[in-house]
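Nothing in this text is a laboratory measurement; each read-out follows from the coordinates by a stated rule. The structure presented is a predicted model; accordingly, all values stated were derived computationally and were not measured.
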Amino acid sequence: MQPEKPQPKAAQDADLCARSRAGDDEALSLLMKRYSHLIFEKAGSVYCRGLERDDLYQEGMIALLRAVMTYEEGKGASFRTYALTCVTNRFRDLLRKSGGAIVSVSMDDIQLPHLDGPENEIIARDELERLGKWMQRSLSEKERAILLCYLSGMSYAEIAQRQGCDVKSVSNALLRVRKKLKH
């Protein structure tokens, strides 16, 4: 299912990121909604052996979530630029591993319509709920904890220290999460 095409509001994105990091689920939902169409379009411009568009979309949404958790307003880039860079880098990582290709499509060429409307909120909440249920159902407690640390921007070494394990265990847990995402 193709997500709706919401219109980002650059001035609000940084505030929504800060509110999301503080635990505001509505702010996170709004950001995920705003950018879900861009990620869907970007996923359609990528050919990655072994992954379908929906798989790439999920990977992109996780990259977007990580961008929300790690964005710093004072660093000179808008959230949109930062988020799209994170998503593009994630796709490039997947492509390196699979030998795929990116079809040339500029993110600036994708037009986003206005976001307002209850149906868009429902779609975003459903998407977040689906992701949460998938994490609950598919990931072990340790994998969930490591994934959440990773999404918050922690390095493998920081995660290992927090979780009381070694860096290789962190790497292996994240590899299992990625494999589970593909299925």
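Things to note:
- Phi-based couplings in Hz for the stretch 13-22 (Karplus 6.51, -1.76, 1.60; Gly and Pro marked x): 4, 4, 5, 5, 4, 4, 5, 5, 5, 7
- Integer Hz, Karplus 6.51/-1.76/1.60 couplings in order for the stretch 79-84, x for Gly and Pro: 4, 4, 4, 4, 5, 5
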